[in-house]
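Engineer: A single structure is presented below for examination.
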Amino acid sequence: MIELKQIVKKYGSKRALQDVTVSIPRGKVIGLVGENGSGKSTLLKMMAGLLTPNSGSTTFDGQPITRRIASRVAYMSDTDDFYTYFTVQQLIDFYESQFEDFDMVKAKEIVQFLNVSLTSRIKSLSKGNRGRVKIAVTLAREADYYLLDEPFSGLDPMVRDDIAKGLIRFTDPERQSVIMSTHEIREVEPLLDEIIVMRGGRLIAHEAVDEIRDFYGIDATSWMVSLFKERQVERELGK
Amino acid sequence: MSIDFLPDKPIYQQLIDRILGDIMRGTLKAGEKLPSVREYAVEVGVNANTMQRVYKELEQMEITETRRGQGSFVTENQEKIMALRNEMKEQLVTTFLQSVAAFGFTTDEIVKCLQERGGEND
């Protein structure tokens, strides 16, 4: 279980996270949604041990989260930061040398599932194929948690579909969790167990997707829109 | 991502309805093996936990059965499938008749209309 308690994170004088408390058990697929600058990426980096909070505590199975958590969680950044002169095979070999939980057999299987050639150089790949390679090397790790920053962003529908199917096929919801930030809520909703909504550095809602539909009779997208409107009205009334 | 879900009903319920529909229409036959939870989840593009719940509820309805180490199968019990068909039929008719009444049509008027339509389709 990853637990964050009363996290505050500042970049200079700007507060990126304000009093965020959340627990993520194993075995869940969770969507992290909110506008740009709402704190999604910061929250993911915090869970990955890449950032330390100004105050509050972050723990993994009760132990404080440090950079060494990288051996248990697979973090995928929203930037393209591979050595572009590598071939796909060389990138896989590099990942294997860096992570103990990297599974070479699984890596080959995912790359094949996603139809990417092992001999292509990263720099010669299309944006879509770079997206496929990125998710392939991330999922090839047998991590407890996969933290994915915008895995679908800027990719065409074919690639998004492939990545979604790769996620379902190559993660085990009985013992692993996936937390992904996204703007494509409507599309991603069928993949999710829960949704966390961020706004202005605060966590404003955390709900099970089935319950949103059961209880409110609307899908996650409409629910989020109504949630934002509600906040707006509260603000205007000066609450 | 692969099938479109309605916005006002939980996804697992829509998947249960879809599989029940396949069984009632005979697309899935009595005794036929269902895909594994993971395979089916990938096919329709939903979370495997959701699909697990679908399979569990179908089993509780006794429409499918799980055989150890072999997977899930549609029941071979034709009575169960017939009972399901009848139940769905009753439900459909009840909802339909509620709308009929709400719009102020008489049952006779509707029956006549259905018979004409039925004649066209046969």
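The values are calculated or read from the model by the stated rules, or taken from the named source; none is laboratory data. These numbers come from a predicted model, not from an experiment. Glycine gets a Cβ as well: all are built from the backbone with ideal geometry, and neighbour counts include every protein chain shown. Heavy atoms of the whole protein, side chains included, go into the accessibility calculation; ligands, DNA and RNA do not. Shrake-Rupley method; radii C 1.70, N 1.55, O 1.52, S 1.80 Å.
Engineer: If packing is taken as the average number of other Cβ atoms within 10 Å across a peptide's residues, how do B:92-105, B:22-35 rank, most packed first? Before the final figure, lay out the partial values.
Structural biologist: Working: B:92-105: 10.6, B:22-35: 14.2.
Those peptides, ordered most packed to least, come out B:22-35, B:92-105.
Engineer: For region A:13-107, which whole percent of the accessible surface, found with a 1.4 angstrom probe, sits on carbon and sulfur atoms?
Structural biologist: 47
Engineer: Give me the count of lysine pairs in chain B whose alpha carbons sit under 29 angstrom apart, restricted to pairs 8 or more positions apart or on different chains.
Structural biologist: For chain B, qualifying lysine pairs total 15.
Engineer: Compute the accessible area of each residue in region B:1-28 twice, once for its chain alone and once with every protein chain present, using a 1.4 Å probe on heavy atoms, and list those whose area falls by at least 20 Å².
Structural biologist: Buried by the other chains: B:1, B:2, B:7, B:8, B:10, B:11, B:12.
Engineer: Could you report the protein assembly as shown's accessible area per residue, 1.4 Å probe, as an integer in Å²?
Structural biologist: Here the residues of the protein assembly as shown average 53 Å² of exposed surface.
Engineer: Which cross-chain or sequence-distant (5 or more) residues have an amide H under 5 Å from the amide H of residue A:148, H modelled 1.01 Å from N in plane?
Structural biologist: A:76, A:179, A:180, A:181
Engineer: Quantify how strongly other chains surround peptide B:37-44 by giving the mean number of their Cβ atoms within 10 Å of each of its Cβ atoms. Present the calculation step by step, with values, prior to reporting the outcome.
Structural biologist: Values: counts 1, 5, 2, 1, 6, 8, 2, 2.
Partner-chain Cβ atoms within 10 Å, mean over residues of B:37-44: 3.
Engineer: Okay, moving on. So how do B:73-85, A:142-154 stack up, highest first, on mean other-Cβ count within 10 Å?
Structural biologist: Going by the mean number of other Cβ atoms within 10 Å, highest first, we get A:142-154, B:73-85.
Engineer: Calculate I(q)/I(0) for the protein assembly as shown by the Debye formula, one identical point scatterer on each C-alpha and no solvent, and give its log10 at q = 0.06, 0.08, 0.12 Å⁻¹ to two decimals.
Structural biologist: One equal scatterer on each Cα of the protein assembly as shown leads to -0.30, -0.51, -0.98.
Engineer: Taking H placed 1.01 Å from N in the peptide plane, check which residues at least 5 places from residue A:29 or on another chain put their amide H under 5 Å from its amide H.
Structural biologist: Those lying under 5 Å, H to H, from residue A:29 are A:178, A:193, A:194.
Engineer: I'd like the Karplus ³J(HN,Hα) series for region B:54-71: coefficients 6.51, -1.76, 1.60, θ = phi - 60°, whole numbers in Hz, and an x wherever there's a Gly or Pro.
Structural biologist: After applying 6.51 cos²θ - 1.76 cosθ + 1.60, I find 4, 5, 5, 5, 5, 5, 5, 6, 6, 8, 10, 9, 9, 9, 3, x, 10, x Hz.
Engineer: Roughly what % of DSSP beta bridges within chain A run antiparallel, to the nearest 5?
Structural biologist: 55
Engineer: I would also like to ask the following. Of the options A:196, A:57, A:12, report the single residue whose Cα projects farthest towards the positive end of the charge dipole of chain A (beta-carbon charges: Lys, Arg +1; Asp, Glu -1).
Structural biologist: Farthest along the dipole direction, towards plus: A:12.
Engineer: Rounded to whole Å and ordered largest first, report the semi-axes of the equivalent ellipsoid of region B:11-76 derived from its Cα gyration tensor (root of 5λ).
Structural biologist: Numbers: eigenvalues 55, 38, 24 Å².
One finds semi-axes of 17, 14, 11 Å for region B:11-76.
Engineer: Using the alpha carbon gyration tensor of region A:1-131, what are the three equivalent-ellipsoid semi-axes (square root of 5 times each eigenvalue), largest first, in whole Å?
Structural biologist: Over the Cα atoms of region A:1-131, the semi-axes work out to 32, 18, 14 Å.
Engineer: Using amide H atoms built in the peptide plane, which far-off residues or other-chain residues are under 5 Å from residue B:28 H to H?
Structural biologist: B:23
Engineer: Now for a different question. Quick check: Cα centre of region B:28-72 to Cα centre of region A:1-77, how many Å?
Structural biologist: Between the Cα centres of region B:28-72 and region A:1-77 lies a distance of 35 Å.
Engineer: Now for a separate question. With every protein chain in place, what's the accessible area of residue B:12 (1.4 Å probe, Å², nearest 10)?
Structural biologist: 10
Engineer: Can you list the lysines whose alpha carbon sits under 28 Å from that of residue A:123, skipping same-chain ones fewer than 8 residues off?
Structural biologist: Hits, sequence-local ones excluded: A:45, A:106, A:108, A:134, A:165.
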